[in-house]
Amino acid sequence: MADARRPRALLRILTTGAAALALAVSGQLAGAAGAVAATDPVSLVNPYIGTGGNGDFSAGNTFPGADVPHGMLQWSPDTSSRPKGGGYNYSDSAVSGFSLTHVSGVGCDAAGDLPILPVVGSLGSDPASTTESFAHSDETASPGSYSVSLGNSTSVALTTGTHAGIGQFTFPSSTQASLLLKVQDTQTPYASSTLGLSGGDTVTGSITSTGFCEDTTPITLHYAITFDHPFTATGTFTGGEYLTFDTTSSRTVEARVGISYTSVAEAAANRDAEVTGKTFAAVKSAASSAWSAELSKIAVTGGTPDQQDVFYTALYHASLFPAVISDADGSYRGFDGAVHKVGTGHSAKYADFSTWDTYRSQAQLTALLDPSAASDMAQSVVDDYQQGGTLTKWGMETAETHIMVGDSAVPLLAGYHAFGARNFDTATALSAMVREQTTDTDVTPGVTYLDSFGYLPTNSPYGCCHEYATTSTQLEYDTDDFALSAFAGALGDTATQKKFQDRAQDWENIYNSSSGYLQPRHSNGRWMDGFNAKLITGTSSNDFAEGDAFTYTPMIPFNLARLASLEGGNASMASYLDSVLSGYQGLGSVIGTQSNMGNEPSIGLPWEYDWVGKPYKTQSTVRAVQDQLWTNTAGGLPGNDDLGEMSAWYVWSALGLYPEIPGTADLAIGSPLFTSAVVTAGGHTLTVNAPAAADGSPYVQSLSLNGGSWNKAYVPASYLSGSAELDFTLSKSANTSWAAAGSAAPPSYDGTPGTGVAQPSGALTETTTGKCVDDAGSGTSNGTAIQIYTCNGTTAQTWKVAPDGTLQVLDDCMDVAGGATTSGTKVQLHTCNGTQAEQWRANSSGEILNPASGLCLTDASNGAADKTQLTIATCTGGAGQRWTVPSSA
């Protein structure tokens, strides 16, 4: 078993494109021959896939340790380099501990609470930095359990339930067998801890660490551990506690661990409910059974042994998160910091929602396979809104972190609902969606600009909570709007449906027909200077999150027909896709040269050929990506797995289907990887038959749906409400006419984009004297004086009152020099930059206030002298501080 679950290579990332596709089409891997059914999916999972950690975010960042589906406890080894979230790098040869919590496939440090390490003999001068060697030949991992022998002649075996687990630590016969509890060695920044010993065999406590990524919200884990051996000695070291046991008569020390995010008492209750009085073997068997039930929801036949391993490992990874956050008795700590109980009709409260990632396909897969659990997940997001004030954006355990862009809980909830998760408070969910999409909240900074400008200006102020990459943010808001409209429509609210389906089209306002790309646009309507569609820089320079205009422009999944029209028609759009998909490595470094099929902004791209009359290119491209980037190796998972999103993409693609349009259950059609796949869940069965499925035969020749000929490139949502059967005829040769007609394309949902509000424009005058605020000499350089001058009707005196709080002339902004907040600071012209130095607000006294300084725009000469440069000064309501602002467009 150990050998079977061990990757055969550390890292395998192959160049793709035309050459790789030729290999795939020629039949590089075995196909349907044998058509072996996967009879024991648990045995096919390789937990080491995705553990080839490196700095290029291209190998998963998963963990191989013990967990159950959506479990709270993820007990897994942390190796010496400790990659972000997963904590395990297959290339390492030493472990620093076995910590109780992990997060699979994230791009920031996360969790890693309470690493425990067995040692023998003297503790040395720095126990906190102790590591122990290991070899993969002495290591075994399987869903629900993990074991390893260490170089210090100890061994560790772990298994878990949802909230609790059992660890077996086997030592040589010794009176100096110790466990190091590295209390301060959390992966996120350590803040504080408590630890207490009782009964001679129990340790309890808590660990608080500060947040996730840029967030610093504290998160506290409570734990309760009881051992079957008494302590013979205990003590502290810098960073933790040691526990010593006598193993001369019984070499294996067994630890029963419970954790909780509410209290130590709940951690102990979780331990007692799940593992007290149970044997290691019984808990391990129960964990394996839980995984068997989860993985058996999809039964596949055919493919190669490696393909079956990769498939069930992907399904395994897609079923780890979100994680249960409620205790065995239903208690949980909400985003308001208070302890609540899971509501009536629900089984658990969930956390760890990476919504920007998982709304794309993981949420849909979860809802399809387990609508009851997905309903609880959806209700958890609604509970977060009711308790914390916003729908979950990136909820890490008990806190909202505001990481990433957009309000992706909206398509997440709509996706859950569309795929069958209906048992949650949909009315509150819809109300929350509407509020957040029409109000500048902590999770939707600047969303109201969609109504005032018709787009998100790249140089306007946004205020709170991790706003960046404005163009990407708008595209996410547009997707949010569409998903909201679909959800409202499903609930019968047609007015809301129309309103937000229309506003979803605001992406057209940042489409530059001259370049053929979506581009950053300023508040004055100009395109951002220095635009480069393939700019390989940080988001601060190119205004896109984890990508560029090259890969983001096609990200209009709900209205690809309109995008294709703007690009010049289907042929032009297909050519664009050919270009961006000319290569598809799973590397962060390829941004700017090709798609990155290891990251979310690119993963929908291959399916878009279905919309432009070339579904055969979807079939071949997806198959090449599967074969070249997804392998049965440690490096065989492209990109961060992002709490199962990338793995969910693989599961869907292997079925030959994909939920491209957020908020709907329409499924784009690709090509099945297996000769048969039967999805059984939620009282329905989805059967996908493809007797000729093989790597060399990805091309659809014909398809029948429920026994009738089907010549469309999608499966309508209506077919998922009952059982459905798809029968594919596949071949080595492309059938370029299958589903190629315009009427065969998946749906596009059109509407009317907004135009923004009218912006008052005209002279800005001193009320008392009637003189005008003037841009000196019609200058356009930063630092040009803003002065008082006799009105002359020139453009230098034509001011626009922009919706973002700026006053603009000659396409630039009125600015307090240097962002100063002291009286007497001069006012100048400056490129609009979204700072508080460019914010102005007229009040009821006729003054124009700069809110950051609390000072007013002032003409110190009271209109007596032309060319007097304006300043900010204490507000007095005097003649030189009363202004008449333009009021009509």
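Observations on the model:
- Difference of contour (0.36 nm per residue) and Cα-Cα distance, residue 210 to residue 448: 82.6 nm
- Estimated from helices alone, the mean residue ellipticity of the chain at 222 nm is -6500 deg cm²/dmol (sum of -39500 (n - 2.57) over DSSP H runs with n ≥ 4, per residue).
- Percent of Cα pairs in the range 761-884 per distance bin of 10 Å, from zero to the largest separation: 15, 53, 31, 1.
- Once both labels are positioned 7 Å from their Cα atoms along Cα-to-Cβ, the gap between residue 129 and residue 781 label points is 5.6 nm.
- If both residues of a DSSP beta bridge must be in the chain, then about 95% of such bridges are antiparallel.
- Rel. contact order, % - alpha carbon contacts under 8 angstrom, at least six apart, the range 61-295: 20
- Long-range amide H partners of residue 46 with built H, under 5 Å: 313
- For the pair residue 750 and residue 767 in one chain, pulling the backbone fully straight at 0.36 nm per residue adds 1.4 nm over the alpha carbon distance.
- Packing, taken as the mean count of other beta carbons within 10 Å per residue, orders the peptides 830-840, 425-435 from highest to lowest as 830-840, 425-435.
- Here residue 727 and residue 842 are evaluated by their C-beta separation; at R0 = 45 Å the FRET efficiency comes out at 0.10.
- By the Cβ distance rule of under 4.7 Å, the chain has a partner for each of its cysteines.
- Mean separation of Cα pairs under 8 Å and 6 or more residues apart, divided by the residue count, gives the chain a relative contact order of 12 percent.
- Pairwise Cα inverse-distance average, inverted: Kirkwood Rh of the range 298-744 (Å): 22.0
- The calculated FRET efficiency for residue 758 paired with residue 502, based on their beta-carbon distance and R0 = 25 Å, is about 0.85.
- In nm, spacing of pseudo-spin labels at residue 866 and residue 795 (7 Å Cα→C-beta vector): 2.1
- 3J(HN,Hα) along the range 229-243: 10, x, 6, 9, 7, 9, x, 10, 9, 4, x, x, 10, 10, 10 Hz, from the Karplus curve 6.51 cos²θ - 1.76 cosθ + 1.60 with θ = phi - 60°, whole Hz, x for Gly and Pro.
- Long pairs among 84/278; 349/393; 534/614; 800/826, criterion Cα-Cα beyond 28 Å: 84/278
- In order along the range 62-73, the Karplus-derived 3J(HN,Hα) couplings, from 6.51 cos²θ - 1.76 cosθ + 1.60 at θ = phi - 60°, round to 8, 10, x, x, 7, 7, 10, x, 6, x, 6, 9 Hz, and Gly and Pro are given as x.
- Using the Cβ-Cβ distance between residue 887 and residue 743 with R0 set to 45 Å, the FRET efficiency works out to roughly 0.30.
- Taking 0.36 nm per residue of separation and subtracting the Cα-Cα distance, full extension of the segment from residue 526 to residue 40 would add 169.0 nm.
- Peptide ranges 693-702, 551-560 listed from the most packed, as the mean C-beta count within 10 angstrom indicates: 551-560, 693-702
- Mean Cβ neighbour count within 10 Å, used as a protection proxy, ranking 100-110, 726-736 highest first: 100-110, 726-736
- Neighbour-count ranking [beta-carbon atoms within 10 angstrom, fewest first] of 417, 136, 70, 317: 136, 70, 417, 317
- Contact order relative to length of the range 635-768, as percent, for alpha carbon pairs under 8 angstrom and 6 or more apart: 20
- For the chain, the calculated P(r) over all alpha carbon pairs, in 20 Å bins from 0 to the bin holding the longest distance, is 15, 42, 30, 12, 1, 0 percent.
- For a paramagnetic label modelled on residue 495 (point 7 Å from Cα along Cα→Cβ), amide N atoms under 13 Å away are absent within the range 744-778.
- Local electrostatic count, residue 863, Cβ distance below 13 Å [Lys/Arg +1, Asp/Glu -1]: -1
- Estimated distance in nm for a label pair at residue 168 and residue 534, the labels positioned 7 Å out from Cα along Cα-to-Cβ: 5.7
Any read-out appearing in this document is the output of simple, stated calculations on the displayed coordinates, not a laboratory observation. Because the structure is predicted, anything quoted here is derived from the model rather than measured. All Cβ positions, even for glycine, are placed from backbone atoms using ideal geometry, and neighbour counts span all protein chains on display.
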